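Chemist: I am attaching a structure below and will ask some questions about it afterwards.
The values are calculated or read from the model by the stated rules, or taken from the named source; none is laboratory data. All values derive from a computational prediction rather than experimental measurement. Reconstructed Cβ throughout: ideal geometry from the backbone, glycine too, with neighbour counts over all protein chains shown. Note: accessible area is taken over every heavy atom of the protein model, side chains too, but ligands, DNA and RNA are not part of it. Shrake-Rupley method; radii C 1.70, N 1.55, O 1.52, S 1.80 Å.
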Amino acid sequence: MKHVSARASGRWSAGARRRTALVSVLAGAAAVAATVIFAPTASAGTTLGASAAEKGRYFGAAIAAHKLSDSTYVGILNREFNSVTPENEMKLDATEPQQGVFTFTNADRIVNHAIANGMAVRGHTLAWHSQQPGWMQNMSGTALRQAMLNHVTRVASYYRGKIHSWDVVNEAFADGSTGARRDSNLQRTGDDWIEAAFRAARAADPGAKLCYNDYNTDNWTHAKTQAVYNLVRDFKARGVPIDCVGLQSHFNPNSPYPSNYRTTLSSFAALGVDVQITELDIEGSGTTQANTYRSVVADCLAVARCTGITVWGIRDTDSWRASGTPLLFDGNGNKKPAYTATLEALNAGGTTTPPTTPPTTPPTTPPTTPPTTPPTTPPGGAGCSASVSVNQWTGGFVVTVRVTAGSGGTQGWAVSTTLPGGAAVTNAWNAQGSGTTGSVTFRNVAYNGQLGAGASTEFGFQGTGTAPTGTPTCTAS
């Protein structure tokens, strides 16, 4: 067996787990508790996790606790991956549903499964503007700041010694060309709220790597990428504890894989932090999808401090974007061409040369326009249309809704649907909800209401009971 210090190196030993392996988290000594013990299993290069481990990296998947009873799902998970991220089970609404009352049952199921199978755990997420419990949504100012810090401290302390990396703060920057912070109840407690969260997380779990995580930060020329870069540079200069940056990397026609992706990875790495690809999914199919997965893996392997990749789900049907078939296994658990390309890229390895020093100011070249061509006749006429994908389990569901503008574009939109009897919405993201039972309506938030002709955006909501089955109606303004 080989000992790998989770925070000191972020590297995985070759053959970095076995299904029957033991991961010993020894109580009483934080330095020891932060050490993960791996033992070899699959032959070199035959699975994603084993091949990544040969390169000192991990290859993980986001998983849901309720799916751990699915034998096909668990079989792929245990065979292929050496790291897991809870999809929803560690978020604020799941872990502190009532103020001061903490619930870890479902998160523990994932953590215990990972430990029993020699996998590392990425904690997701401690502080976020979305998926807050109702009591937190209604707070502000000093009371909210203290509640947030208490949440960070209590959750990180509970899992102290068991988490490789924490997404301490998630999605704190706005989309668009300004590079501004996202307007949220947390941001309105003061500009230093992110720093405060990181300092609290370090005190609560000194052995875990602390990450800032966001989406649409893949293209080096984009203002949002530069804003996150400047935040990390400032934190490093002032000694604020930050160890890693997470790039979600959700790629689709409206947000494509950029040709300068490797520049982004190496530029963050040059600041002295690890880079983790935290929520990878790539919509598409066949050779095009496979080649994009191949490019992403090659880019990571070419940057010494790109320490791991996590795909956001296992099978296409497990994805929050199931209609886009964005993952490595189809709904039946069969390997797709994207899987083969990913494994081949992992086995091919990379140069892992030290990162070059990136520019110290934002680039003067404006961001390139994504190479998307709207359909000749946008759907939805002058209004908009909505399509859904559903993840249903016993007692609950998650619905992802894609809103597509018609020929006139939108300045705003509203999507309405009817829930079956006994069903209730518990939270939503990227939209403002009205109503929790019966007829419910979701309206755009500040950053996703304006859509060009044929353009799309997505939001989601979670609930208890049975998911709605009818096609929702979309109204544009």
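Chemist: Residue check, Ala290 against (1) in contact with a strand residue (DSSP E or B) (Cβ under 7 Å, 6 or more places away or on another chain); (2) small (Gly, Ala, Ser); (3) open to solvent by less than 30 Å² (accessible area, probe 1.4 Å), all met but one. Which one?
Modeler: (1)
Residues are listed down the side, and each one gets a yes or a no for (1) of a type in the set (D, E, K, R); (2) open to solvent by 20 Å² or more (accessible area, probe 1.4 Å):
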{"residue": "Ala143", "(1), (2)": "no, yes"}
{"residue": "Lys162", "(1), (2)": "yes, yes"}
{"residue": "Val169", "(1), (2)": "no, no"}
{"residue": "Asp191", "(1), (2)": "yes, yes"}
{"residue": "Ala203", "(1), (2)": "no, yes"}
{"residue": "Lys224", "(1), (2)": "yes, no"}
{"residue": "Val232", "(1), (2)": "no, no"}
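Chemist: Could I ask something else about it? Give me the strands (runs of 3 or more DSSP E) completely within segment 393-453, filtered to those with at least 2 residues that are surrounded by 16 or more Cβ atoms within 10 Å (Cβ to Cβ), touching a residue at least 24 places away in the same chain (Cβ under 8 Å) and not assigned by the TED database to the domain that holds Pro97, ordered by residue number.
Modeler: So the answer is 396-405, 413-418, 424-429, 439-443.
Chemist: If you go through segment 318-341 one residue at a time, how many are buried (at least 18 other Cβ atoms within 10 Å of the Cβ), outside any loop (DSSP other than H, G, I, E, B) and in contact with a strand residue (DSSP E or B) (Cβ under 8 Å, 6 or more places away or on another chain)? So that I can check it myself, show each step before the final result.
Modeler: Initial filter on segment 318-341 (buried (at least 18 other Cβ atoms within 10 Å of the Cβ)): 318-322, 324-329, 336, 338-339, 341.
Cutting the leftovers down to outside any loop (DSSP other than H, G, I, E, B) gives us 318, 322, 324, 329, 338-339, 341.
Going one step further and asking which of them are in contact with a strand residue (DSSP E or B) (Cβ under 8 Å, 6 or more places away or on another chain), we end up with 318, 322, 324, 329, 338-339.
Of the residues in that region, 6 qualify.
Chemist: Quick check: anything in segment 164-183 out of contact with any Ser or Thr (no Cβ under 7 Å at 6 or more places or on another chain), modelled with pLDDT under 95, assigned by the TED database to the domain that holds Asp70 and of a type in the set (Asp, Glu)?
Modeler: Yes, some residue in segment 164-183 is out of contact with any Ser or Thr (no Cβ under 7 Å at 6 or more places or on another chain), modelled with pLDDT under 95, assigned by the TED database to the domain that holds Asp70 and of a type in the set (Asp, Glu).
Chemist: Continuing with the same structure: If the Cβ limit is 9 Å and pairs must be 6+ apart or interchain, which residue in segment 189-205 that is closer than 12 Å to Gln146 by Cα pairs with which residue that is open to solvent by 10 Å² or more (accessible area, probe 1.4 Å) and outside any helix (DSSP H, G or I)?
Modeler: Here the result reads Thr189/Ser140; Ala196/Gly190, each pair linking segment 189-205 to a residue that is open to solvent by 10 Å² or more (accessible area, probe 1.4 Å) and outside any helix (DSSP H, G or I).
Chemist: Here is a further query. How do the pairs read when you match residues in segment 269-294 that are among the hydroxyl-bearing types (Ser, Thr, Tyr) with residues anywhere that are assigned to a helix (DSSP H, G or I) and open to solvent by 30 Å² or more (accessible area, probe 1.4 Å), using Cβ under 7 Å and keeping only pairs 6 or more apart or on different chains?
Modeler: These pairs meet every condition: Thr287/Pro337.
Chemist: Moving to a separate point now. Looking at segment 145-160, can you tell me whether even one residue there is in contact with an Asp or Glu (Cβ under 6 Å, 6 or more places away or on another chain), open to solvent by 50 Å² or more (accessible area, probe 1.4 Å) and under 22 Å from Val425 (Cβ atoms)?
Modeler: Of the residues in segment 145-160, the ones in contact with an Asp or Glu (Cβ under 6 Å, 6 or more places away or on another chain) are 151, 156, 160.
Checking which are open to solvent by 50 Å² or more (accessible area, probe 1.4 Å) leaves us with 160.
Going one step further and asking which of them are under 22 Å from Val425 (Cβ atoms), we end up with none.
Within segment 145-160 (the criterion being in contact with an Asp or Glu (Cβ under 6 Å, 6 or more places away or on another chain), open to solvent by 50 Å² or more (accessible area, probe 1.4 Å) and under 22 Å from Val425 (Cβ atoms)), the answer is no, since none of the residues qualifies.
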